[in-house]
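Here is the structure we will look at.
Derivation of every value follows stated rules applied to the coordinates shown; laboratory data play no part. Remember, predicted model here, so these are calculated numbers, not experimental data. Note that each Cβ is placed from the backbone with ideal geometry, even for glycine, and that neighbours are counted across all protein chains shown.
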Amino acid sequence: MATAEPEINPIAPHADEDGVEETGQELVNPESYIKHPLQNSWSLWFFKNDKSKTWQANLRLISKFDTVEDFWALYNHIQLSSNLMSGCDYSLFKVGLICLPCM
């Protein structure tokens, strides 16, 4: 998913008290940097299957996020699950919860 560039509003140059023209500056719209919170915090885990370890011991925490923007930043910087080695996968859990596999 593409992200939008922050909106920039140029300020026209104007003359100061001495009649000297100042250079224009750019203002960034503050709404461009407002993060959109999620209802819950989430954690992304990496699973590498090692049959000599328990399921939970095979999990490694990658990162936690609680905004839409943080999710996409994470998603855009991880390897696609289809490109992972055989026996490896990702899991996404609410922070504080780790699901036990169905037996």
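Descriptive notes on the structure:
- With R₀ fixed at 25 Å, the C-beta to C-beta distance from Lys53 to Leu74 puts the FRET efficiency at about 0.50.
- With the simple spin-label model, which puts each label point 7 Å out from Cα in the Cβ direction, the Ser63 to Tyr90 separation comes to 1.0 nm.
- For segment 24-103, chymotrypsin sites (Phe, Trp or Tyr not before Pro) meeting the loop criterion (DSSP other than H, G, I, E, B) and having at most 15 other Cβ atoms within 10 Å: Trp55.
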